[in-house]
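Worksheet: one structure, shown below.
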Amino acid sequence: VLLAAMAERTQIVVLPGTGTTHRVECSWEEPAAEGGRASGRMCELGSLEWSAVVLDERLVDFQVSVILGADGDEGETTVQWIQEKDSGRCFRGSFTPSEDPRFADQISRLRAIVFELDNTYSWWTEKVVELITVRKPKDSNPLPLLPQLLPLSLPPRGPNIVNQIGPDPELVLPELRKPPMAAVSLDSADTVMRFAVELDFLLGLAQEPASEDATEHGAQGLVSGLSQLRQTCKELLSSVGKHPSCAMFPEESCSREDYPKDQSEECSSPT
């Protein structure tokens, strides 16, 4: 059963030259839901958080203690400090009995948390302290821990998989340590030719403005490189006896009469 936390906001007036205390019980009855009845179930303290502020920028002495009930018939009630006395304007803290080694084996003896406010050193000024506490009950049915997962076995190595697949050559895994066979299909050659045509066209667009600005910006080397690269593209196309348009549109026939003299020469096969 999961129980909700309870938040309380309290204003404490500390008269001049006096002190006062505020007590928070470690065991309380579960509050009723809105429009319902109280369940009568008792809640035990799981943790407590607090924040105290002295209004009007005043100062006060503040300390927090826990009251432990009698240990057996002959025991006596004892007090232990969980926040030492300090003077200031703002105070914050928290207390979780199960995580404190002083109280881990004495949770059943917890009776109350006491906030002490001391104003004895101020004979003329009244202090108002706003205290906010968040009291979380201990879970009566804590969630069980998840089981520890064991590591899985490693997957089989490559050769074992090949043996399980069988002799079908289409299913045999490739040998990645060997370089692939150097084979170029017709589709690959056609792709290379198309790339050469497009590259030659783009280089031609870049060469003309580059040639005009080469002298001004000292880019003669760039223009020379563009010319060499275009020449390489032309030689590649000439080696297969195709004009660039023939490579781009192989389904259309090319003839010498369709192009100027300087371009039709590129369609002829080398002798």
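Since every read-out is calculated from the coordinates, none of them should be taken as a lab result. Nothing here was measured: the structure is a model prediction, and the numbers come from that model. Methodologically, a virtual Cβ is constructed for each residue, glycine included, from the backbone with ideal geometry; neighbour enumeration extends over all protein chains shown.
Using the Cβ-Cβ distance between residue 108 and residue 56 with R0 set to 30 Å, the FRET efficiency works out to roughly 0.10. FRET efficiency for the pair residue 47 and residue 123, taken as 1/(1 + (r/R0)^6) with r the Cβ-Cβ distance and R0 = 45 Å, rounds to 0.75. Between amide H atoms placed 1.01 Å from N, distances below 5 Å from residue 18 occur with 119, 120, all of them 5 or more places distant or on a separate chain. For the stretch 70-127, the Cβ-based charge dipole about the Cα centre amounts to some 400 debye (Lys, Arg positive; Asp, Glu negative; other atoms uncharged).
Summary value for the stretch 49-137: 45 percent relative contact order, contacts being C-alpha pairs under 8 angstrom separated by 6+ residues.
Amide hydrogen proximity for residue 71: with H placed 1.01 Å from N in the peptide plane, the residues at 5 or more positions away or on another chain lying under 5 Å are 76. On the beta carbon distance between residue 99 and residue 23, with R0 = 22 Å, the FRET formula returns roughly 0.45. Residues in the stretch 226-239 carry Karplus couplings, in order, of 4, 5, 5, 5, 5, 5, 5, 4, 5, 5, 5, 5, 5, 5 Hz; the curve used is 6.51 cos²θ - 1.76 cosθ + 1.60 with θ = phi - 60°, and Gly or Pro positions show x. Placing a pseudo-label 7 Å from each Cα along the Cα-to-Cβ vector at residue 229 and residue 78 gives an inter-label distance of 8.7 nm. Computed over neighbours whose Cβ is under 10 Å from that of residue 77, the net charge equals 0, Lys and Arg +1, Asp and Glu -1.
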